[in-house]
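Any read-out appearing in this document is the output of simple, stated calculations on the displayed coordinates, not a laboratory observation. Everything numeric in this text was worked out from a predicted model, so none of it was measured. In this analysis, Cβ positions are derived from the backbone assuming ideal geometry, glycine residues included, and neighbour counts consider all displayed protein chains.
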Amino acid sequence: MIITKSELAEELHVSPSRITQYARRGMPIRADGRCDLERCCRWVVKNIDPLNEGYGSAGSIARSHASEWVWLLERRAKREAS
């Protein structure tokens, strides 16, 4: 699912500026400035460690919601494959 950065911020329950920070750190943003929800959530789960990265509760919140999205997307893919 392709969404805007603002929509991604809403889904992860963080501010749009936090999404900009993640993008500077390597979160994949498309050339048109939009976000692939699955790729971005996987990146957050893999790369944001709230205990070691200075993101504190915002990182913890983002990682939690990203993990939920990854789980839901994987579950949907399994259903569609069967």
### Message
Which of the three applies to the chain, rounded, prolate or oblate, going by the alpha-carbon gyration tensor with a ≥ b ≥ c and a/c under 1.5 meaning rounded?
### Response
oblate
### Task
Can you tell me the FRET efficiency between Ser6 and Ser64 if r is taken as the Cβ-Cβ distance and R0 is 22 Å, rounded to the nearest 0.05?
0.65
### Query
So how strong a dipole does the stretch 2-81 carry about its Cα centre when Lys and Arg Cβ are +1 and Asp and Glu Cβ are -1, to the nearest 20 debye?
180
## Note on the structure
Fewest-first ordering of Leu37, Leu12, Leu72 by Cβ atoms within 10 Å yields Leu72, Leu37, Leu12
### Query
Hey, what do the phi angles of the stretch 22-37 turn into as Karplus ³J(HN,Hα) couplings, whole Hz, using 6.51/-1.76/1.60 and θ = phi - 60°, x for Gly and Pro?
4, 4, 4, 8, x, 4, x, 10, 5, 4, 7, x, 8, 10, 8, 3
